[in-house]
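Dropping the structure in here first, questions after.
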């Protein structure tokens, strides 16, 4: 079997449902993974960062909103909604607009016309920006030891700001006094999905439903390329035999579809493909020689 990819558990379930319908044999192996992720940051008083950064408008806007909301001494439970409402006054109307658009097609995004798709995508992007701004605001509170509902005094007049930035774009070195690093260690479950190589040939018979490509475009291309290559390798060449090196060379192939190229490069996997064909009674391997069986 060959690994198709790594997925979240729910996504793997949807994928394997499609694989089962397509009569492609598969295996799923779930295991925990610990990740290590590093990002470069700048941290200092806002007045210090303004000397280095040119794009501080968003930070200033966030500080202004925080001052306005926190002066009202809101409860912690009400803080997020208050912040988002002030950061994006159109948030509620955008939500309503998106709901109305999606209701027209019963929630099926792919059924929307191009104008509605563009509108929904723009709203999604704005919503993501809203959430990111909220987490940046929470970072300001955390770095300055500010509790929602407490008196803030002058803590936001020149607060400590921690912001992720590309040091190369700013021309800064790692030893700059305001440069910091955030290291994130996280654990998650990963579902590895493997497929039986030979059964990928069945994908060439149109067994996937029409929406499979839309849901899993990369997987569709991988399976189709593997199936197409194996189908061609299974066909008896005119000589009826060749060396393993010659076989390896034909395991890298270009498929042309009206100028759109799909390149299947399985050269490093050639010996495994040969064993798969032998297992299914199509070839016989003897040393460095391959001979196709007469069917």
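Where a number appears in this text, it was derived from the coordinates with a stated rule and is not lab data. In this text, all values refer to a predicted model and were calculated from it rather than measured experimentally. For neighbour counting, all protein chains shown are included, and Cβ atoms are generated from backbone atoms with ideal geometry for every residue, glycine included.
Matching residues to (1) more than 30 Å from residue 63 (Cβ to Cβ); (2) within 22 Å of the chain's Cα centre (by Cα); (3) loosely packed, with under 11 Cβ neighbours inside 10 Å:
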{"residue": "82", "(1), (2), (3)": "no, no, no"}
{"residue": "89", "(1), (2), (3)": "no, no, yes"}
{"residue": "125", "(1), (2), (3)": "no, yes, yes"}
{"residue": "135", "(1), (2), (3)": "no, yes, yes"}
{"residue": "141", "(1), (2), (3)": "no, no, no"}
{"residue": "150", "(1), (2), (3)": "no, no, no"}
{"residue": "153", "(1), (2), (3)": "no, no, yes"}
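When you check residue 169 against the structure, is it closer than 28 Å to residue 50 by Cβ and under 27 Å from the mean Cα position of the chain (by Cα), yes or no?
yes
Tally up the residues in region 130-145 that are within 11 Å of residue 66 (Cα to Cα) and out of contact with any helix residue (DSSP H, G or I) (no Cβ under 7 Å at 6 or more places or on another chain), please.
2
Look at residue 66 and say whether it is surrounded by 11 or more Cβ atoms within 10 Å (Cβ to Cβ), in contact with a helix residue (DSSP H, G or I) (Cβ under 7 Å, 6 or more places away or on another chain) and not in a loop (DSSP other than H, G, I, E, B).
When the stated conditions are applied, residue 66 passes them.
Tally the residues that are closer than 22 Å to residue 202 by Cα and either outside any loop (DSSP other than H, G, I, E, B) or touching a residue at least 60 places away in the same chain (Cβ under 8 Å) (or both), restricting the search to region 232-266.
14
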